[in-house]
Amino acid sequence: NFYTTNDVVDIGLRKIYGNQTYDGGFTYFKGMQSSLYLTIQVLNSLSDIRDAGYAVDGGVMLSASNYVSNTLSAKGISHYGMDTYVAGAYAISRTNVEGSALGNLSSPILRGLNNAYVNERANTTVLSYLAMLLKKEGWDDGIMRKVYTSLENRVGIDSRGAYVKAGSSDYNWQFYETPIKNTSMFLKAIVFDKRNYSQTDKILRWILASRSKDGAWGST
């Protein structure tokens, strides 16, 4: 028997849904507790799948969104930090599901968006999330300009083109950060904002040159 693309996506979605727990979060394996960081990644993946034209269960996305919001709000930004709050809010905002509790996260994020965070402490991947979150939610444009300036300051050049570096001070394994992901997310933010950036052609060239021989981008 041959599987169609729709068949494969449906099988994959059912496997993902099967790892959602009663509290709305997702687990790496059945029987484990929900993982906040995994749930943020799954929410982004479900939005990607839906945006590609496949049907995704809105109830699953709403439950996961509320889990992320409730989990972050329960211990607060002082416990989880700005990076996790921004990543969670970005994932929730992408779902476009009515009733998701994005509003619970907006005030702590806006209060924490100072120059020290944007220029020095923000994780590089999350900084691109923040740029798109600011644009989508219509938050302070002055902050967004500072975010893009910080991202542009992290761009490096090598023989393949331009890429976004990951400094050791902002590296966070929970966001699966790699130079390829950092660069790709920065490109996505540029496109999302319809922004003119002088190094865009070099960024595209670097990403294409970083592709593996089997056609994929990835790592262990």
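List the helices (runs of 4 or more DSSP H) that sit entirely inside the range 23-121 and contain at least 2 residues that are among the acidic types (D, E) and in contact (Cβ under 8 Å) with a residue 40 or more places away in the chain. If you could, list the steps in order and put the result at the bottom.
On the way: elements: 36-51, 58-75, 77-80, 82-95, 103-112.
Result: empty, no element qualifies.
Suppose we filter the range 1-28 for residues that are more than 19 Å from S63 (Cβ to Cβ) and among the hydrophobic types (A, V, I, L, M, F, W, C); how many remain?
Going through the range 1-28 one residue at a time, the tally reaches 4.
Take the residues in the range 69-113 that are β-branched (V, I, T) and more than 18 Å from N44 (Cα to Cα); name whichever of them is most open to solvent (accessible area, probe 1.4 Å).
Start the filter on the range 69-113 by keeping residues that are β-branched (V, I, T), which leaves 71, 77, 84, 86, 92, 95, 97, 109.
Cutting the leftovers down to more than 18 Å from N44 (Cα to Cα) gives us 77, 109.
Numbers: I77: 53, I109: 0 Å².
The residue in question is I77.
So S150 ticks every box in (1) open to solvent by 10 Å² or more (accessible area, probe 1.4 Å); (2) over 15 Å from F192 (Cβ atoms) but one. Which box is left unticked?
(1)
Mind listing just one residue for me: the one in the range 1-32 that is exposed (fewer than 10 other Cβ atoms within 10 Å of the Cβ) and not β-branched (V, I, T) and, of those, farthest from N66 (Cα to Cα)? Break it down stepwise before answering.
Keep residues of the range 1-32 that are exposed (fewer than 10 other Cβ atoms within 10 Å of the Cβ), which gives 1-2, 4-5, 15, 22, 29-31.
Retained after the next criterion (residues that are not β-branched (V, I, T)): 1-2, 15, 22, 29-31.
Working: N1: 39, F2: 38, K15: 21, Y22: 12, F29: 21, K30: 20, G31: 21 Å.
Within the range 1-32, the match that is farthest from N66 (Cα to Cα) is N1.
Scan the range 137-164 for residues that are in a helix (DSSP H, G or I) and more than 18 Å from M82 (Cβ to Cβ) and jot them down.
Scanning the range 137-164 gives D141, R145, E152, N153.
The values are calculated or read from the model by the stated rules, or taken from the named source; none is laboratory data. In this text, all values refer to a predicted model and were calculated from it rather than measured experimentally. Note that we place each Cβ from the backbone using ideal geometry, even for glycine, and neighbour counts take in every protein chain shown. When the accessible area is computed, the model is the full protein with side chains, heavy atoms only, and any ligands, DNA or RNA have been set aside. Shrake-Rupley method; radii C 1.70, N 1.55, O 1.52, S 1.80 Å.
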